[in-house]
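Here's the structure, in structure tokens; my notes come after.
The values are calculated or read from the model by the stated rules, or taken from the named source; none is laboratory data. None of the values given here were measured: they were computed from a predicted structure. Here the Cβ positions follow ideal geometry from the backbone for every residue, glycine too, while neighbour counts run over all protein chains shown. All accessible areas refer to the heavy atoms of the entire protein, side chains included, with ligands and DNA or RNA removed. Shrake-Rupley method; radii C 1.70, N 1.55, O 1.52, S 1.80 Å.
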Amino acid sequence: MDNSLSKQATDWREGRRLRAWELKQEGWNQQKIADALGVSKGAVSQWIKRGREEGLEGLRRRIAPGAIPRLSAEQRASLPELLARGAPAHGFQGDAWTCQRVAEVIHREFGVSYHPAHVSRLLKKLRLSLQKPERQANQRDEEAIERWKVERWPELKRGP
């Protein structure tokens, strides 16, 4: 038996759909095709219908297009320039770019809302990196910490 169509498949799912089409052309009924390929009769029915309506191309693998980007190509291209101005130029204290800050700048400049978690993916595509600020207490006293390290820590370290 010549399986020329299913041998041309780019992946196993496509091969299975093409094989179902071949078997249907040979006169097999849908239940026998489903049993032979280990799928449901409904799946075979959908494949055969798609094959009739769209031809063999309807059975070929399709790459899912994904969501349409909310930022246009021009807007994405201008983002590195906006960020290069620095965080203080956009009204932030300190020069660290966090996901939240970048999301705010995108919203202000382009009117597009991004979840801060998604901003990191967007910046990764642009080959930019984020800085995670080191969180410290507002009332932190560096001098007292240094004194403690010099005076108290050695005693605790030695033990009784």
For this session: Please work out which residue is surrounded by the most Cβ atoms within 10 Å (Cβ to Cβ), limiting yourself to the range 95-114 and to residues that are touching a helix residue (DSSP H, G or I) at 6+ places or on another chain (Cβ under 7 Å) and in a loop (DSSP other than H, G, I, E, B).
Result: 97
Exercise. Which of the residues belonging to the range 4-37 are outside any helix (DSSP H, G or I), surrounded by 13 or more Cβ atoms within 10 Å (Cβ to Cβ) and under 37 Å from the mean Cα position of the chain (by Cα)?
Worked result: 9
Seminar exercise, completed: Checked against (1) assigned to a helix (DSSP H, G or I); (2) closer than 25 Å to residue 67 by Cα; (3) open to solvent by 90 Å² or more (accessible area, probe 1.4 Å), residue 127 satisfies every condition except (1)
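When you check residue 87 against the structure, is it open to solvent by less than 40 Å² (accessible area, probe 1.4 Å), within 19 Å of residue 122 (Cα to Cα) and out of contact with any Leu (no Cβ under 9 Å at 6 or more places or on another chain), yes or no? I'd like the intermediate steps shown before the answer.
Details: open to solvent by less than 40 Å² (accessible area, probe 1.4 Å): yes; within 19 Å of residue 122 (Cα to Cα): yes; out of contact with any Leu (no Cβ under 9 Å at 6 or more places or on another chain): yes.
So residue 87 fits the description; yes.
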For this session: Given the conditions (1) touching a residue at least 24 places away in the same chain (Cβ under 8 Å); (2) assigned to a loop (DSSP other than H, G, I, E, B), report the number of the one that residue 82 does not fulfil.
Result: (2)
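Quick check, is residue 92 of a type outside the set (D, E, K, R), open to solvent by less than 60 Å² (accessible area, probe 1.4 Å), farther than 19 Å from residue 69 by Cα and modelled with pLDDT of 90 or more?
Numbers: of a type outside the set (D, E, K, R): yes; open to solvent by less than 60 Å² (accessible area, probe 1.4 Å): yes; farther than 19 Å from residue 69 by Cα: yes; modelled with pLDDT of 90 or more: yes.
Yes: the conditions hold for residue 92.
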For this session: Mind listing just one residue for me: the one in the range 38-72 that is part of a helix (DSSP H, G or I) and of a type in the set (D, E, K, R) and, of those, modelled with the lowest pLDDT?
Result: 57
